[in-house]
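Remarks on the structure that follows.
The values are calculated or read from the model by the stated rules, or taken from the named source; none is laboratory data. Keep in mind that what you see is a predicted model, and the values were worked out from it rather than measured. Please note: Cβ atoms are built from the backbone with ideal geometry, for glycine as well, and neighbour counts cover all protein chains shown.
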Amino acid sequence: MRGFVARDGVAVAGLDEDERLVIARIVADVGLLLGGERFGVEEHARVPHREDLAEALRFLDGLSETPVEPDDPALLRLLPNAAPTDREVADEFRRLTQEDLRATKLARLRGLWEDLSAEGAEWVIPADEVMTVAAALTDVRLVVASRLGLETDEDAEALHEEIARAAMVARRGDPSEFEDAERLWLGMLYDALTWLQESLVSLTLGGTE
């Protein structure tokens, strides 16, 4: 995987087929969480189906017709309260805005999924789509962070330490020592998404050309 760099007015990253398909899968699951379609995942046999990952990220079978505060913390991160201390105001604001917000997020996720499902070794993003892609990556990272229980910088640092320890174990060739393989897998995915997003956003902030 190569982070985004600027080239001829566009942002370009390098992802191999497996990297594209793994991220596309998680994007599709987040879209499903928001009550959207599966973004054609079932039509693409090349997309690896990880039952453990699907189970970890599939929190709801559907959403209520009347928008209310989500019970699931991951969905609440995607559709947050406008007034956490005033339930009546928060519910009214959610009633007026939630469907539009959900539709916007689903459209961004679908665009991200379509980009990742395309063939080729490079992921090319036009300049005018950079912030849209970055926003979609933020939503995916929010869901993964919720499943990992990341609430503070200290939580994130503890996760990095777990991953570092796992890397040492892997070098010794004894994966049986992994305490929670799924958590480590999601943690490495979270780190990769964060790194990709930072490399993309840095270009719009005057990053290295």
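Of everything in region 147-158 that is touching a helix residue (DSSP H, G or I) at 6+ places or on another chain (Cβ under 9 Å) and in a helix (DSSP H, G or I), the residue that is nearest to Leu109 (Cα to Cα) is Arg147. No other residue among Glu182, Glu209, Glu157 is within 28 Å of Val133 (Cα to Cα), acidic (Asp, Glu), exposed (fewer than 15 other Cβ atoms within 10 Å of the Cβ) and modelled with pLDDT of 80 or more apart from Glu157. Return yes or no: is Val124 within 17 Å of the chain's Cα centre (by Cα), modelled with pLDDT of 90 or more and within 24 Å of Arg7 (Cβ to Cβ)? Considered against the rule, which asks whether it is within 17 Å of the chain's Cα centre (by Cα), modelled with pLDDT of 90 or more and within 24 Å of Arg7 (Cβ to Cβ), Val124 comes out as no. Regarding Trp123, is this residue touching a residue at least 24 places away in the same chain (Cβ under 8 Å), within 16 Å of Leu32 (Cβ to Cβ) and aromatic (Phe, Trp, Tyr)? For Trp123, the condition - touching a residue at least 24 places away in the same chain (Cβ under 8 Å), within 16 Å of Leu32 (Cβ to Cβ) and aromatic (Phe, Trp, Tyr) - is not met.
Just one of the listed residues (Val144, Val140, Val133) is part of a helix (DSSP H, G or I) and touching a strand residue (DSSP E or B) at 6+ places or on another chain (Cβ under 8 Å), namely Val133.
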